[in-house]
Amino acid sequence: MTDLSLPVEKLKNVGTRNAPRLHRLGVKTLKDILWHFPTRYEDYSETVPISDITPDQKVNIQGEIVKITTKKLFPRRMFITDAIVKDLSGAIKAVWFNQPFIENQLPEGAFVSLAGKVKTGKNGTYLSSPTYERITDYGLRITDSETENNNSQFAIRNSQSNLKHTKGLVPVYPETEGITSKYLRFLIKPLLSDLKIPDPVPEMILKKHGFPALAVAIKNIHFPNSEESAQKAKERLAFDDLMLFQIKALLERRKLNQLKSASIPFNEDLVKSFIADLPFELTKDQKIAAWEILKDLEKKYPMNRLMEGDVGSGKTVVALIAALEVVRCGYQVVIMAPTEVLAQQHYKTISELTANHNLKIGLLTSSTAIMGGKKIKKAAIKNELSKREPMLLIGTHAVISARGGPASGGQKPIDLPRLALVILDEQHRFGVQQRASLVKSQNNGFVPHLLSMTATPIPRTLALTIYGDLDISIIREKPKNRQKIVTKIIGPAQRRSAYQFVREEVSKGKQVFVVCPRIAASENGGEPHPKGMGTRQEKLALLWQEVKAVEEEYKKLSQEIFPDLKVAMLHGKLKPKEKNKIMSDFSAKGGSASDVKDGIDILVSTSVIEVGVDIPNATIMMVESAERFGLAQLHQFRGRVGRSEHQSYCLLFSSSGDKSTNQRLKALVSCDDGFELAEKDMSIRGPGEFMGTKQSGMPDLAMASLANIDLIKKARAEAHLLLKEDSSLSRYPLLRERLDEFQKMTHFE
Ligand code: ADP
Ligand code: MG
């Protein structure tokens, strides 16, 4: 058996210089390197006779070096190596720059295999910096293969089983500084010839779907004989992860169903009277979602439900119906908001909506504590809660779930002995730990029900796979009275008049958001990490790029374009206090306060700072370099305006003249359904880009296969069957082992 846990340092061809570089690619063990899959292949399947070569072709040729010389060009201190390569049909020149050592590696008389692009120069066609490999076993192999095939041309082709860079489908890998695809091929190919790895997937399943065995799939994904065998290998490997995902989800759900929760009987009178009192009529989707949630609450085991709905679709009121019922039964409910501002906003709207319903509401953030409409000491509200007082507590996670961290001022976690329902607003903003610290069994032995909410629309197939252990409610329909936001794509020629328009709106007292993307790494010299933000350093680099982008835009707007207006900026380097101050100054302008004049007109921020806050007075969302964002994300930005009776606008600045880019942006002009846009976005950019692979914790390959509904269905079906037949997977120890690894690796919010 091949020892997959072998550290890469132990491999013959990995030295002290390359080991840390491999680590940076996430490659630490033999298994990691075998699972470091190519992103694509260069097709050098055909060896082309030299006389048949045409310009601009990418080709593999094979022949003999008849001449090789290296010249030094003095003015630019550059080396140029020229070689003439000859096969039975003709000869061609190959040229390399600044690699004088090639002359030693490819001496005259050597047989060589070259792959690269054919260019045309003054003296005819030549190969420009081709990849090269010596054919060392040429003579030997010719006799080998002669027994199989007497055609001499074929004899050459069949002899090069050891060529890895220039012949066949040549894998191209995710690279990093110092680790090239060439080096990775050099490392990986020898590992494959004698690969013996056990297959965790039961043979019966492989047979049923015609999947190759694991070792075969690994070989074929790196060095396939055909596109088809590469495809089969990819499917098989993605299937593994998808099936494990499903098994994990099913097991988690089963575990959950064995826990105990407070069962909340459906209180028809209460729900009816609350709905009748609302200042608006619920949409059909809101009613369905509420019904699904209330049904879940009746069960004796915990609810684990995700409510998805566009910004402004009215998720809060749905959650509130559930909260009301639970508190009325004598329990405690917590609504966690990701920011202090949002918590305050929830407190305000929820207090208004429940004014007639005698609901005890508390607010607890780092700066405020309110209970029963009055400001009180934090200790007092905590004391009340610990005395089992039924209440709806609204707060920030920093305060409520604190485990003695700095945010809590070193205090103990809050005691909620009657907690029966936890509602997470903007669930992706909460970490696993934070969630776990709330949704744990209380001292009555009960586990609270969990309702997560998100405004990020995730297409259903995707949601079913990655959130397999969740139930999902989708609010698609918007409340009737919603205004359409006017969306416009602004090219360079319209920029001036767009600014003029912004100025007019501001002079009417309106406010403006400006979002700018981080300055692309390529403009900045640095290369992004192929798998996203890995190390702390990389995170800092990204943060810096964002800050830089925001600062530049801020400077431009505040000094050149709108020197007479109040412009402010918000980015990740500011302290929480500074951020809060800016946000409250921004929201103050719309208010009736006397300091209106001092309020902020234009707020420049990064895409990461999801303001998520209601600023009804903000009517313009400007997005710089809109083409750099996904549709779903742009739609999110747009959702920050249009929160009042005033007509709102979304201005997408795009300097790209590219037709398909503008086509993409046009989808936003015509469509304002987040789910439709998410589906489009996913089909355009692929599920990996769409979700952010890193964020989801799902392996790249499985991610890429999420568009393959057929494969997902197979994985789901097999996961169900396996668990039905053997609920602890005791008959499949290898699969069990992979599952455990998988559980360590993936974690979802
Ligand atoms: P989100 O889903 O983004 O959290 P909210 O719950 O904050 O949305 O609702 C946005 C606004 O719409 C709130 O002011 C809320 O009171 C209002 N609202 C909710 N449901 C309806 C409805 N069916 N008709 C009209 N307004 C509604
Ligand atoms: Mg909300």
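The values are calculated or read from the model by the stated rules, or taken from the named source; none is laboratory data. This is a predicted model, so every value here is computed, not measured. Here Cβ is always computed from backbone atoms with ideal geometry, including for glycine, and neighbour counts include all displayed protein chains. Ligands, DNA and RNA are excluded from the accessible area calculation, which covers all protein heavy atoms including side chains. Shrake-Rupley method; radii C 1.70, N 1.55, O 1.52, S 1.80 Å.
The antiparallel fraction among DSSP beta bridges confined to the chain stands at about 45%.
Subtracting the Cα-Cα distance of Asn104 and Arg388 from 0.36 nm times their residue separation leaves 94.0 nm of extension gain.
Once the Cβ-Cβ distance of Thr2 and Asn356 is raised to the sixth power relative to R0 = 45 Å, the FRET efficiency obtained is 0.05. Taken about its Cα centre, the chain carries a charge dipole of about 1500 debye when Lys and Arg each add +1 at the Cβ and Asp and Glu each add -1 at the Cβ. Looking at the square roots a ≥ b ≥ c of the eigenvalues of the Cα gyration tensor of the range 1-143, which shape do they give, rounded for a/c under 1.5, prolate if a/b is larger than b/c, or oblate? Prolate shape, in that a/c is at least 1.5 and a/b is the bigger ratio. With the Cα gyration tensor of the range 633-688 giving a ≥ b ≥ c as the square roots of its eigenvalues, does the rule (a/c under 1.5 for rounded; else a/b larger than b/c for prolate; else oblate) give rounded, prolate or oblate? Because a/c hits 1.5 or more and a/b fails to exceed b/c, the range 633-688 counts as oblate. Cα extents for the range 246-392 along the principal axes, largest to smallest and rounded to whole angstrom: 47, 35, 29. For Lys508, the lysines whose Cα falls under 16 Å of its own Cα, not counting residues fewer than eight places away in the same chain, are Lys566, Lys589, Lys597.
When you restrict to C-alpha pairs under 8 Å that are six or more residues apart and normalise by the size of the chain, the relative contact order lands at 11 percent. Amide H contacts of Ser452: Arg305, Leu306, Met307, Leu424, each under 5 Å away and 5 or more positions distant or on a separate chain (H built 1.01 Å from N in the peptide plane; Pro and chain starts excluded). Charged neighbours of Lys219, selected by a Cβ distance under 12 Å, balance to +3 (K, R count +1; D, E count -1). In plain terms, the chain from Arg253 to Ala276 could stretch by 4.7 nm, reckoned as 0.36 nm per residue minus the Cα-Cα distance. For the chain, carbon and sulfur atoms together expose 52% of the accessible surface, with a 1.4 angstrom probe and every protein chain in place. When the Cα convex hull of the chain is projected onto planes of every orientation, the mean area is 39.1 nm². Angle of helix 536-555 to the longest C-alpha principal axis of the chain, folded into 0 to 90 degrees and rounded to 10: 70°. Probing with 1.4 Å while keeping every protein chain in the model, the per residue accessible area of the chain equals 48 Å². Computed from Cα atoms, the angle from the helix 495-507 axis to the main principal axis of the chain rounds to 10 degrees. Only helices enter the 222 nm calculation for the chain: every DSSP H run of n ≥ 4 contributes -39,500 (n - 2.57), and dividing by all residues gives -12000 deg cm²/dmol, rounded to 500.
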